[in-house]
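Derivation of every value follows stated rules applied to the coordinates shown; laboratory data play no part. Please read these numbers as outputs of a predicted model, since none were measured by experiment. Positions of Cβ are generated from backbone atoms using ideal geometry, with glycine treated the same way; all protein chains shown enter the neighbour counts.
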Amino acid sequence: MGSRSTIHRTLGSRISSISKRTGMTSETSTLVSLHGVDVPVVRRGSGPPILVLHGGEGLVDHLPFAERISSNFELLHPTHPGFDGTPIPEHFDGLEDLTFLYLDLIDSLDLQDAILVGFSMGGWLAAEIAVMNTGRFSKLVLVDSVGIKPGGPFERDIADVFALSTEELEKATWHDRSLAPNVSDMTDDELQNVASNKIAHGLYTWEPYMHNPKLRYRLHRIDIPTLLVWGENDGIVTPGYGAALRDLISGARLSVIPEAGHHPHVEQPAEFAARFLEFVSD
């Protein structure tokens, strides 16, 4: 087992990387500098590329479903600025900034026929990217995504995750609450990351709360096969919310996973991976 460091430049960006191999899976940690903003990217596995956009909980590259998928695909996991202790650029004040950053990242990595996947807030981000540019993507997968407001101005379409108590948030998020992170078991560094993640999550999603009022009128522009995967017991955004989102994307399919909440890829990793692989292999 060894490692290799490389540095190269593309137009408007600088990429440095460290590669390592563990068992049968290769993994590369890359730092992509885009006009002064550094974006860490973990690349894992080999095969057709999948760009994975995480939600407010942070990176998902370490989870069991990722191991299952990386045997057939190369997964690219960028860290949103502000998450896991990374700095937030001074000029960032919302998800739009993140959208344009990732449009630059996609060009810098020269992705071709990639699969775009987003979880929760990352699903909203993926949808924003897709309405602007599907030319580099072959398929889109949104997992318990936010991003639209199906109901009226006084209807609570999305649970207020910033106002709920710890117990209420766990109940809304998980079917099996034993899988919820236990802060009492976390190190100081892990607790600091949780705190910074909440700050970044709030920056990107607070105003307007968890949605772009104009997105619903743009989703018709998505012209690639789209799958929505939803936890049947999601109390943050219910399967009914998923159905409303599906109906705004031409030809989109909604797949609901039983005994799962807002994180079906965590609670039912085998079922999630099976449905994902069935869709991307069509």
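Could you go through segment 208-219 and let me know if any residue there is at positive phi and aliphatic (A, V, I, L, M). Yes; the residues of segment 208-219 include at least one that is at positive phi and aliphatic (A, V, I, L, M). Of the residues making up segment 223-234, not one is farther than 24 Å from R156 by Cα, surrounded by 21 or more Cβ atoms within 10 Å (Cβ to Cβ) and more than 18 Å from the chain's Cα centre (by Cα).
For segment 172-201, filtering for residues that are more than 18 Å from the chain's Cα centre (by Cα) and assigned to a helix (DSSP H, G or I) leaves 13. Cβ separations smaller than 6 Å between residues 6+ apart or across chains give the following pairs from segment 26-39 residues that are under 18 Å from G85 (Cα atoms) to residues that are surrounded by fewer than 17 Cβ atoms within 10 Å (Cβ to Cβ) and β-branched (V, I, T): S29/I18.
Screening segment 235-282 for residues that are among the aliphatic types (A, V, I, L, M), in contact with a Gly (Cβ under 9 Å, 6 or more places away or on another chain) and part of a loop (DSSP other than H, G, I, E, B) and picking the one that is surrounded by the fewest Cβ atoms within 10 Å (Cβ to Cβ) gives I236.
Sub-8 Å Cβ pairs linking a first residue in segment 159-185 that is touching a residue at least 24 places away in the same chain (Cβ under 8 Å) to a second residue that is among the aromatic types (F, W, Y), at least 6 apart or interchain, are D160/Y209; F162/W206, ordered by first then second residue. Residues in segment 160-171 that are buried (at least 17 other Cβ atoms within 10 Å of the Cβ) and in a loop (DSSP other than H, G, I, E, B): V161 only.
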